[in-house]
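Single-structure report; data block below.
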Amino acid sequence: MGLLALIGRILFSSLFVLASFGHFTANTIGFASNAGVPMAGFLVPFAGLIALLGGLSILIGYKARIGAWLIILFLIPVTFTMHKFWGLSDPSVAYMQEIMFMKNMALLGGAFLITYFGAGPISFDARDN
C-alpha cells in the first residue's frame, strides 16, 4: 500500500514540477499580465518558484505537508485569477477555463489530503518518525 502513496505523490507533484519552469518565460508572464495579474513580471516567476519547491517537497516526500501548503498557496490565487470562466463571453473559451478551474479544484483537494495524511510510508518524512 505504501507504493500506492509513492505513485500518487509522483503523479501529483510532477504536474507542478514540470509546469513551474514555464513560469519563468516571457510568454507565461505576458499571458498573466494580459489576464490582469498585477506585477506579473515578479508574481509569475515567484509562483513558479512556489510550485517548484512545493512539488519537489511532495515528490521526494521531505516536509511534504509544508510542500502541500505551498501548492495550496500557489493554486488558490492562480485558480481564481487565471481561470475565471464565469466572466467570459465566448462559450468555448469559458468551457475550457471551467475545465481548468475544476482541475485546479481537484488538485487543491489532493493538496489538502497531503497536508492531513503526509507523504506516506515510502518517504523521507516517514524516516523521521
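Laboratory data are not the source of any read-out in this text; all were calculated from the coordinates shown. Quick caveat, the model's predicted, so the values are computed rather than measured. Counting neighbours? That spans all protein chains shown, and the Cβs are built from the backbone with ideal geometry, glycine included.
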Classify the chain from the C-alpha gyration tensor, please: rounded if a/c falls under 1.5, else prolate or oblate depending on whether a/b exceeds b/c. prolate
Label points 7 Å out from Cα along the Cβ direction at Ala35 and Trp86: separation in nm? 1.7 nm
When the chain is modelled as a GNM with alpha-carbon springs shorter than 10 Å, which of Gly61, Gly87, Gly48 fluctuates the most? Gly87
Inter-label distance, nm, simple model (7 Å from Cα along the C-beta direction), Tyr116/Phe24: 3.5 nm
Anyone know which of Val93, Val44, Val78 comes out most mobile in the 10 Å Cα GNM of the chain? Val93
Value of relative contact order over the range 2-124, rounded to a whole percent, pairs C-alpha under 8 Å and six or more apart: 31 percent
Give me the extension gain from Val93 to Phe124: residue separation times 0.36 nm, minus the current Cα-Cα distance, reported in nm with one decimal. 7.0 nm
Listed residues Ser92, Ser14, Ser33; largest mean-square fluctuation, Gaussian network over the chain with Cα springs below 10 Å, found at Ser92
Exposure proxy check on Trp86, Trp69: fewest-to-most Cβ neighbours within 10 Å is Trp86, Trp69
Once the Cα atoms of helix 91-117 and of the chain are each reduced to a long axis, what angle between those two axes, in degrees from 0 to 90 to the nearest 10, is obtained? 20 degrees
Could you give each residue of the range 4-18 its phi-based ³J(HN,Hα) in whole Hz, using Karplus coefficients 6.51, -1.76, 1.60 with θ = phi - 60°, and x for Gly or Pro? 5, 5, 4, 4, x, 4, 5, 5, 5, 6, 4, 4, 6, 5, 5
Step through the residues of the range 66-74 one at a time and calculate ³J(HN,Hα) from phi using the Karplus curve (6.51 cos²θ - 1.76 cosθ + 1.60, θ = phi - 60°), rounding each to whole Hz and writing x for Gly and Pro. 5, x, 5, 5, 5, 5, 4, 4, 6
